[in-house]
Amino acid sequence: MDWAILLPKILEAILIPLAGFLTAELIKFIKAKSAEASAKTSNETLQKYLGMLTDTVVTCVETTNQTYVDALKKAGSFDKDAQKEAFTMTYQAVLNILTEEAKDYLTVAVGDFETLLTNKIEAAVKESKK
């Protein structure tokens with residue numbers, strides 16, 4: 001037997017299918033890692049914008065309380081109309097502070113940004129009463 005002729009043919013018979021298999025596995029691995037990185041990035045971005053929204057809402061609620069609500073409560077004139085006005089002031093302040101990028105991202109991620117913002121404001125108002 002001539003090993004010099006036989007060995008390259010054996011290696012060729014083994015290495016070519018093995019290279020194809022390894023390439024396919026490498027592609028699967030890269031796709032899986034890419035999807036994982038994409039999901040992580042998306043989740044981190046969502047958390048960033050939700051945190052930004054929450055911080056902005058809390059700050060605006062506190063500001064509205066300090067500059068508008070507290071004075072009306074002391075005067076005994078904080079009625080339903082004043083509550084609506086306080087909400088509108090806070091809502092507008094949040095919209096003025098948040099970037100368009102944040103509003104757009106949250107709208108796409110959550111769906112109904114207006115409801116999300118309303119719920120965040122109401123939760124922050126309730127929390128501020130404690």
When every residue in segment 82-105 that is touching a residue at least 12 places away in the same chain (Cβ under 8 Å) and farther than 22 Å from VAL69 by Cβ is compared, the one surrounded by the most Cβ atoms within 10 Å (Cβ to Cβ) is TYR105
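Here's the yes/no breakdown for (1) modelled with pLDDT under 90; (2) closer than 18 Å to TYR49 by Cβ:
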{"position": "TYR68", "(1), (2)": "yes, no"}
{"position": "GLN92", "(1), (2)": "no, no"}
{"position": "ALA109", "(1), (2)": "yes, yes"}
{"position": "LEU116", "(1), (2)": "no, yes"}
How many residues does segment 106-115 contain that are of a type in the set (A, V, I, L, M, F, W, C), touching a helix residue (DSSP H, G or I) at 6+ places or on another chain (Cβ under 8 Å) and surrounded by fewer than 17 Cβ atoms within 10 Å (Cβ to Cβ)? 2
Name every residue in segment 77-115 that is farther than 20 Å from THR45 by Cβ, polar (S, T, N, Q) and outside any helix (DSSP H, G or I), in order of residue number. SER77
Within segment 47-80, how many residues turn out to be among the acidic types (Asp, Glu), out of contact with any helix residue (DSSP H, G or I) (no Cβ under 9 Å at 6 or more places or on another chain) and more than 25 Å from GLU101 (Cβ to Cβ)? 1
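The values are calculated or read from the model by the stated rules, or taken from the named source; none is laboratory data. Since this is a predicted model, take the numbers as computed values, not measurements. Counting neighbours? That spans all protein chains shown, and the Cβs are built from the backbone with ideal geometry, glycine included.
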